[in-house]
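Each remark here refers to the structure printed beneath this line.
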Amino acid sequence: MIDIHSHILPGIDDGAAGWEETLQLARAAVEDGIRTIVATPHHANRSFWNYAAEVRELTAEVNKRLLAEGIQLQVLPGQEIRVHEDLLDAWSRGELLTLGGSDCVLIEMPSSSVPKNMTEIVHELSILGLRTIIAHPERNKEIANDPRLLEELVEAGAYGQMTTHSLLGGFGRQIERSAWQLCRNGLIHVISSDAHHVEKRNFRLREAYDRVEKELGKSWRVYYERNAEHIVNGRPLEDLPAELPKENLKIWRKISNIFRY
Ligand SMILES: [Fe+2]
């Protein structure tokens, strides 16, 4: 399995605090069945700035340590890039990384809202030859209330990345509900762990795929598994499995508004 979102690099964000935790996470990843993982430390989120060159260097060092420890895991460099004003210029300055050298960038929006110019950013990135993957849209309050906001971004060319813990109820019932709703509406294209810590936030990738298979069917599991591979290989994503009828987002909005007030 391939995991495209993780905080496995030591000591540079709120993930692994040091080498020991990096190695613990690496062992846990292998145990879960993960063979390739993209390290996506936070970048430009006000607390953490992890520039491309440093991330590349540290990733290479992690791979050396894993080899020395006999841990069969390949770590690829990446970033979880917070939307910020300087985003496009930062790309031209070479400060940003795609996921594992592909043409996909993992973009994080604020959890409270969808930036007004988000569609424009997706478009601008595509002009630069980059595909936007929206990190855990299910945890964005505006999208949870109105999935059509994500639908607009997907129509503009973005993809949705779901976090395993959201699907499995780790962030509460409300996010779990919203997570499955987004999957059923075809607005999620890849599932990954966003793992930070072996106890507090582990991988649970196999468990999430098992649940997807149970709830949505085998073709959806295959769809998500293959898309993770396509992303790191810079290939086009799979067509959506046809077996689920799309739910009406207008009705969903009405229902969620009733529960809000
Ligand atoms: Fe993350």
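A convex hull fitted around the alpha carbon atoms of segment 1-84 yields 73 Å³ per residue. Between the helical axis of 173-184 and the longest alpha-carbon principal axis of the chain there is an angle of about 80 degrees. Computed log10 I(q)/I(0) for segment 46-130 at 0.13, 0.24 Å⁻¹: -0.49, -1.22, from the Debye equation with unit scatterers placed on every C-alpha and solvent omitted. The antiparallel fraction among DSSP beta bridges confined to the chain stands at about 5%. Here segment 180-239 has an Rg and Dmax of 12.1, 35 Å, counting Cα atoms alone. Sorted largest first, the principal axis extents computed over the alpha-carbon atoms of the chain equal 54, 41, 35 Å.
Summarising the label geometry, the points placed 7 Å from Cα in the beta-carbon direction at D86 and S113 lie 2.3 nm from one another.
At a 10 Å Cβ-Cβ cut-off, how would you order Y209, Y51, fewest neighbours first? Present the calculation step by step, with values, prior to reporting the outcome.
Working: Y209 20, Y51 16.
Exposure proxy ranking, most exposed first: Y51, Y209.
Compute the Rg/Rh shape ratio of segment 71-114: radius of gyration over Kirkwood radius, all on alpha-carbon atoms. Could the numbers behind the result be given before it?
Numbers: Rg = 12.6 Å, Rh = 11.8 Å.
Result: Rg/Rh = 1.07.
Give me the number: length gained by fully extending R206 to A156, i.e. 0.36 nm times residue separation minus the C-alpha to C-alpha distance, one decimal in nm. Difference between extended and current length: 15.0 nm. Semi-axes of the equivalent ellipsoid of segment 73-208 are 24, 19, 12 Å, computed as sqrt(5λ) over the eigenvalues of the C-alpha gyration tensor in descending order.
Mind sorting S113, S193 by how few other Cβ atoms lie within 10 Å of their own Cβ, fewest first? Before the final figure, lay out each step's value.
On the way: S113 13, S193 27.
Fewest-to-most ranking of S113, S193: S113, S193.
Going by neighbour counts of Cβ atoms within 10 Å, the residues C104, C183 line up, fewest first, as C183, C104.
Please name whichever of H165, H5, M118 sits farthest to the positive end of the charge dipole of segment 2-260, dipole taken about the Cα centre and charges placed at Cβ: Lys and Arg +1, Asp and Glu -1. The one lying farthest along the dipole's positive direction is H165.
Only the coordinates and a few stated rules stand behind these numbers; no lab work does. Just so you know, these numbers come straight off a predicted model, no measurement behind them. Note: ideal-geometry Cβ built from the backbone for every residue, glycine included; neighbour counts use all protein chains shown.
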